[in-house]
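One structure is given below, encoded as structure tokens.
The values are calculated or read from the model by the stated rules, or taken from the named source; none is laboratory data. Everything quoted here is computed from the prediction, not taken from an experiment. With ideal geometry, Cβ positions are generated from the backbone for all residues, glycine too; neighbour counts draw on all protein chains shown.
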Amino acid sequence: MMLTDKQNKIVESLGYTSPCDFLFHFPHRYQFLEYKTRDTWKPGDVVVFSGFLASSFKTYRFGRNRSATNFEVNTNDEVIKVVIYNRSYLKESNYTQGITVTGQFSDGKVVARTITNKPLDDVLGIEPQYPLKSGIKNYEVIRLMKKTLSLCDVEDVIPREFRSGYKLISTQQALKWIHVPNTKEQLYQAQRTLKYDEFLKYQVSIALNKSDFEYGISKRFDNHVIETYQESLPFVLTEDQNIALHEILGDLKSNKRMNRLLQGDVGSGKTIVSFLSLIAAIEAGFQVAYMVPTEVLLYQHAASFAKLFPNIDYSVYSQNSENKVKILEDLKDGNCPLVFGTHALFQDDVHFNKLGFVLIDEQHRFGVLQRQKLVDKGDDVDLLMLSATPIPRTLANTLFYDLDISNITHYPSHRKESRTELISENSVRTLLPQMKAELSAGGQIYIVCAAIDEDERPGVKTVLGIHEQMQKLFPEYNTGILHGRMSGQDKQIMMTSFANHEIDILVSTTVIEVGLDVHNANMMIIYNAEQFGLATLHQLRGRIGRGEKGGLCYLLSKSESEESNNRLQALVQSHDGFELSMIDMRQRGYGDALGVRQSGLPQFLLGDIEKDIKIMEQAKKDAQRIVANSDNPDYIKILEHVKGQDYFKTI
């Protein structure tokens, strides 16, 4: 029995390469369909009942291709009014033997979700609700999942001693029960087994990674030289920054390879710590590669470094660099001590003479193999990764115990906290006086849109449209645009113009999320704020209030979704990057593919890194035992499986 062409398209559209992979498309919630008597129904309840039609189907059409079908059902000598939308094809003749309705009770009637001629007992039970995409129905995924379960035989990789010791069921049984549970106990056992399964694989990958960083090359440099550079700065480092710098310099001098995460919230001062540390590696005679995810951030880092340390030579390398041949020659010959670059740095044509230190900003934006390709361009290279999602140390020690972690928890003293307001309309109509005042006072404004033009994402405000509107509203001020379709050179020109205050209003996509550091720009307006995740909105907000003046961020949204409004209110109320990341993950679900770290955190298919911390900690202990006894035949399967899954690693 094979999948149909339509079913294969569903598998592909939901992001899976094979039917067996599709078994790991887990429900994000369950509908528990239990029979309740009519006198117990409360508004908002999901109810299931059966009976006989007490009226004909009466269909009313409205809008464009929409309809409402009203009918009545006699159940236990009581007539219940029902409405179901967009089912104009219903026929009474299909329900002469009875009808079963599932829907939500509201205003004295039931808004039906489904109706069927199956008996009530066949409908009651636990119904999985899956993450879907446009055009795919939940019942189609349910039907497809049952068929796929009969086609695939999934191998157990959890060692027998742990499976029996914790009374876990087989992976095959767990997959069946998570997709087709008959009881809550079956669902609990399935989730318990599969959570441990993914936590153990993750922790084994971390344990393997930790063993790869046992030995490194000690770098010798004079601490007084670094202190001299530090004293030349136009500001004083905070205590947190000094501690982090001391930890990194200690790693560079040790004979153990550095594998460190430098974490701190947006604007906490991670970049200057990374700059001072890379100078130490250069002083020790090694080459340094500093990789960033976007050209916007690339040019910003290069400009900031040049301003603070004008006597240190460096190159800037990306796919759009004009002097690529010369840069490649200098890197290979050792004539270039420092290179700032994008993804272009790990390409095959890039060779170093003596690469000793790699720094990766926004590290979660790079794939594991991409990061590894750059590190492998030198011998026993030290690695420093930077993240703007600060994770509490206790949790970080469980999730990333292969990494040493430096935390910057306090902002520089000159920074003021930005204020965020939610505007319940997708218009600047009510903000025009504030915008006028900001511009009149000599300030600059960021405006962020979810799309460049209407073709990219219909129904949202666009960069091109808002740019034209701003030119009409503020003709006496200069308005510029910035987006991903622009060439690297054009982006750099626009960023320089904005930094030099030749541009007053910059209308942009999220390309400014990381990179721009303009102290005079302290107002930000974000259209269609509901379209963005909290991590992205928090990063965007971090572009303002970077000088001595606090920023003001306006979130524009006319969304009526309670979930979207709760998410945006969380941003209004909190400036804690970790807290916002966790809220985002809870609301959006933990179901993103493991290893897709949009927030800097590993995102598991089932496990909740807060609620399931005990399972995670046990998996960590078991993983350390597995790696320490890798010659145990019972551990071979999981070790081989994990070694083939590079996305589990932190590097």
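Would you please name the residue that is modelled with the highest pLDDT, looking only at residues in segment 607-639 that are within 26 Å of residue 371 (Cβ to Cβ), out of contact with any Phe, Trp or Tyr (no Cβ under 6 Å at 6 or more places or on another chain) and in a loop (DSSP other than H, G, I, E, B)? Per the stated criteria, the residue is 630. Looking across segment 305-330, the residues that are more than 24 Å from residue 273 (Cα to Cα) and outside any loop (DSSP other than H, G, I, E, B) come down to 324, 325, 326, 327, 328, 329, 330. Among the residues making up segment 360-419, those that are within 22 Å of residue 513 (Cα to Cα) and assigned to a strand (DSSP E or B) are 360, 384, 385, 386, 387, 407, 408, 419. Scanning for something surrounded by fewer than 22 Cβ atoms within 10 Å (Cβ to Cβ), touching a Gly at 6+ places or on another chain (Cβ under 8 Å) and farther than 14 Å from residue 359 by Cβ, does segment 269-276 turn up at least one residue? Looking for residues that are surrounded by fewer than 22 Cβ atoms within 10 Å (Cβ to Cβ), touching a Gly at 6+ places or on another chain (Cβ under 8 Å) and farther than 14 Å from residue 359 by Cβ, one finds none in segment 269-276, hence no. Please tell me if residue 6 is out of contact with any helix residue (DSSP H, G or I) (no Cβ under 6 Å at 6 or more places or on another chain), at negative phi and without any contact (Cβ under 8 Å) to a residue 24 or more places away in the chain. Spelling it out, residue 6 is indeed out of contact with any helix residue (DSSP H, G or I) (no Cβ under 6 Å at 6 or more places or on another chain), at negative phi and without any contact (Cβ under 8 Å) to a residue 24 or more places away in the chain. Within the set 126, 136, 115, the sole residue that is β-branched (Val, Ile, Thr) and not in a strand (DSSP E or B) turns out to be 136.
Conditions (1) in contact with a strand residue (DSSP E or B) (Cβ under 8 Å, 6 or more places away or on another chain); (2) modelled with pLDDT of 95 or more; (3) within 28 Å of residue 126 (Cβ to Cβ), marked per residue:
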residue: 17; (1), (2), (3): no, no, no
residue: 36; (1), (2), (3): yes, no, yes
residue: 39; (1), (2), (3): no, no, yes
residue: 49; (1), (2), (3): yes, yes, yes
residue: 77; (1), (2), (3): no, no, no
residue: 82; (1), (2), (3): yes, yes, yes
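Residues that are within 19 Å of residue 129 (Cβ to Cβ) and either surrounded by fewer than 19 Cβ atoms within 10 Å (Cβ to Cβ) or modelled with pLDDT under 95 (or both) within segment 166-180 comprise just one, 180. At least 2 residues being surrounded by 14 or more Cβ atoms within 10 Å (Cβ to Cβ) is the threshold, and among the strands (runs of 3 or more DSSP E) wholly inside segment 17-68 those reaching it are 29-33, 46-53. Filtering segment 277-296 to residues that are buried (at least 22 other Cβ atoms within 10 Å of the Cβ) and assigned to a loop (DSSP other than H, G, I, E, B) leaves 286, 292, 294.
Scanning segment 434-465 for residues that are in a helix (DSSP H, G or I) and under 19 Å from residue 541 (Cα atoms) returns 434, 435, 438, 439, 463.
Residue count for segment 383-442 under the criterion of being modelled with pLDDT under 85 and under 24 Å from residue 476 (Cβ atoms): the result is 0. Against the test of being among the acidic types (Asp, Glu) and either over 17 Å from residue 616 (Cα atoms) or over 28 Å from the mean Cα position of the chain (by Cα) (or both), the options 155, 198 yield a single qualifying residue, 155.
The set of residues from segment 122-137 being of a type outside the set (A, V, I, L, M) and either within 21 Å of residue 188 (Cα to Cα) or at pLDDT 90 or above (or both) comprises 125, 127, 128, 129, 130, 131.
Per the conditions (1) out of contact with any Asp or Glu (no Cβ under 8 Å at 6 or more places or on another chain); (2) more than 20 Å from residue 375 (Cβ to Cβ); (3) in contact (Cβ under 8 Å) with a residue 60 or more places away in the chain, the sole criterion not satisfied by residue 248 is (2).
Restricting attention to segment 220-242, does a residue exist that is buried (at least 16 other Cβ atoms within 10 Å of the Cβ), without any contact (Cβ under 8 Å) to a residue 40 or more places away in the chain and under 30 Å from the mean Cα position of the chain (by Cα)? No, every residue in segment 220-242 fails to be buried (at least 16 other Cβ atoms within 10 Å of the Cβ), without any contact (Cβ under 8 Å) to a residue 40 or more places away in the chain and under 30 Å from the mean Cα position of the chain (by Cα).
This table checks each residue for (1) crowded, with 21+ Cβ neighbours inside 10 Å; (2) more than 17 Å from the chain's Cα centre (by Cα).
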| site | (1), (2) |
| --- | --- |
| 498 | yes, yes |
| 502 | no, yes |
| 505 | yes, yes |
| 523 | yes, yes |
| 529 | yes, no |
| 545 | yes, yes |
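Total residues in segment 619-640 satisfying the condition of being touching a helix residue (DSSP H, G or I) at 6+ places or on another chain (Cβ under 8 Å) and not hydrophobic (A, V, I, L, M, F, W, C): the figure is 8.
Of everything in segment 385-436 that's over 17 Å from residue 248 (Cα atoms) and of a type in the set (Gly, Ala, Ser), which residue is surrounded by the fewest Cβ atoms within 10 Å (Cβ to Cβ)? Among residues in segment 385-436 that are over 17 Å from residue 248 (Cα atoms) and of a type in the set (Gly, Ala, Ser), the one surrounded by the fewest Cβ atoms within 10 Å (Cβ to Cβ) is 413. Restrict the check to segment 587-606 and report whether at least one residue is crowded, with 19+ Cβ neighbours inside 10 Å and modelled with pLDDT of 75 or more. Checked segment 587-606: at least one residue is crowded, with 19+ Cβ neighbours inside 10 Å and modelled with pLDDT of 75 or more.
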